[in-house]
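Inspection log for the structure reproduced underneath, given as structure tokens.
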Amino acid sequence: MPLISIETLDHDGSFNAWLAEPEGTPRGAIVVIQEIFGVNPGIRAKCDHWASLGYLGLAPDLFWRIQQGVELDPDVPEQFQEALALMQKLDQDRAIADIEACIRAARSRLPEGARVGAVGYCLGGRLAFMTAARTDVDASVGYYGVMLEALLGEKHAIARPLMLHIAGADHFVTPDKQALIHEGLDDHPRVTLYDYPGEDHGFATEAGDRRSEAAAQLADSRTEAFFAEHVG
């Protein structure tokens with residue numbers, strides 16, 4: 001059954017998460033944190049990919065308090081604007097609590113001692129940083145996270161490995177912001193940064209106009225090796 005229900009940490013409700021299961025005993029779990037477009041086919045495909053590599057793949061519906069089951073297409077201008085509006089309404093602190101609930105739900109489905117990683121894109125890239133700083137996730141990866149420069153005050157709370165993929169020509173994360181991210185994190189012992197010169201925001205999406213094949217494959221290969229080392 002691809003959708004599971006997860007209870008919130010404060011027991012004020014429950015939300016759905018897409019679940020992709022591997023064949024046999026999972027080696028660990030990867031929580032896939034959505035873009036502003038919801039748990040759409042691209043995010044579900046990423047869960048399926050992690051399952052093909054032997055992990056549980058889970059993608060929580062983080063917009064559920066605003067609108068359940070959001071699935072938007074970034075290549076449709078009207079839907080892109082709808083997604084931006086949803087992002088403005090999202091309570092990111094509560095989203096982190098929901099991600100933590102998803103991490104706990106993942107652990108309950110794993111063998112004892114198995115680990116959980118988290119990977120996020122766009123908004124999810126920002127939330128991946130926050131997950132690394134605020135939860136006990138075992139490892140995190142953020143792709144072209146937005147507004148990371150505003151989170152640098154939390155860097156001292158990052159105790160487990162974090163990898164960040166930075167799009168060099170990201171029109172949402174301008175060069176001055178990228179410089180602040182590097183200045184704040186280059187010397188952090190648990191953080192690894194990779195730059196992708198000339199690549200724009202969304203380059204690792206599964207399909208559509210934003211995908212840049214070579215950069216996506218390079219970033220994804222780094223992510224897979226990172227999780228193989230730190231999750232299992």
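Since every read-out is calculated from the coordinates, none of them should be taken as a lab result. Predicted model only: the values in this text are computed from it and were never measured. We place every Cβ from the backbone using ideal geometry, glycine too, and count neighbours over all the protein chains shown.
Can you run phi through the Karplus equation (6.51, -1.76, 1.60; θ = phi - 60°) for region 195-211 and list ³J(HN,Hα) in whole Hz, with x for Gly and Pro?
Rounded to whole hertz, the list is 9, 10, x, x, 8, 9, 3, x, 5, 9, 4, 5, 7, x, 5, 7, 5.
Along region 148-154, what does the Karplus equation 6.51 cos²θ - 1.76 cosθ + 1.60 (θ = phi - 60°) give for ³J(HN,Hα), rounded to whole Hz, x for Gly and Pro?
Values per residue, Gly and Pro as x: 5, 4, 7, 9, 4, x, 9 Hz.
Near the amide H of Ser140, under 5 Å away, which other amide H atoms are found, from residues 5 or more places off or on another chain, if H is placed in the peptide plane?
For Ser140, whose amide H was placed from the backbone, the distant partners under 5 Å are Ala118, Leu162, Met163.
What is the Å³ per residue value for the convex hull set by the Cα atoms of region 74-187? Working shown, then result.
On the way: hull volume 13.3 nm³, N = 114.
Hull volume normalised by residue count: 117 Å³.
With each label point set 7 Å from Cα along the Cα-Cβ vector, what nm distance links Gln68 and Glu23?
3.4 nm
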